[in-house]
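Undergrad: Please find one structure pasted underneath; my questions will follow.
No lab work stands behind these numbers, since they all come straight from the coordinates. Worth saying up front: this structure is predicted, and the values here are computed from it rather than measured. Every residue, glycine as well, gets a Cβ built from its backbone with ideal geometry; the counts of neighbours run over all protein chains shown.
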Amino acid sequence: MQAKDQPPGGGHGGRILVVDDNPKIRDVVTRLLEDEGLPVDTAADGQRAVEMATRVRPSLIVLDMGLPILNGEQVAARLREHYGEPPPIIVVSADGRAAEKAALIGAHGYLHKPFDVEELIRLVHLALAVGWSEPS
């Protein structure tokens, strides 16, 4: 296995990448996850998310689909190109098509904005429990 393919902290002990262009949502999600004892990194656009996620593989990505520069679908595609099997993704979308978008990119879960914080926490823990597996 190459170093770029290794998850930080060996699985779900690594960091969660929260990607949203709305700073209020980024801050709220970051605080919620940190309150759960989970380490978090953030990105405000798709290009920065790809840069961060390809430098160090996150254990999970909470991904807004309506991002500037690269949208959520483009982010997922680039990570698939880089890793083969991208990290688990939870899609967040405000347009009412979160389920469709999640299915399109193979996400582990989805939330409609505005979302219930308890549901976010539940989905995060569920996706982390799936864990990271080495791409074949």
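Undergrad: List every residue whose amide H lies under 5 Å from the amide H of Val18, counting only residues 5 or more places away in sequence or on a different chain, with H placed 1.01 Å from N in the peptide plane.
TA: Asp41, Thr42, Ala43, Val62
Undergrad: Let me ask something else. Once label points are set 7 Å from the Cα along Cα→Cβ at both Leu104 and Gln47, what is their separation, rounded to one decimal in nm?
TA: The answer from the label model is 2.2 nm.
Undergrad: Please sort 103-113, 85-95, 26-36 by packing, taking for each peptide the average over its residues of neighbouring beta carbons within 10 angstrom, highest first. Could you put the intermediate results ahead of the total?
TA: Details: 103-113: 17.8, 85-95: 21.5, 26-36: 16.1.
So the order, starting with the most tightly packed, is 85-95, 103-113, 26-36.
Undergrad: In sequence order, what are the phi-derived ³J(HN,Hα) couplings for segment 15-28 according to the Karplus relation 6.51 cos²θ - 1.76 cosθ + 1.60 with θ = phi - 60°, rounded to whole Hz, with x for glycine and proline?
TA: These are the phi-based 3J(HN,Hα) values: 8, 9, 9, 9, 10, 7, 7, 8, x, 5, 5, 4, 5, 5 Hz.
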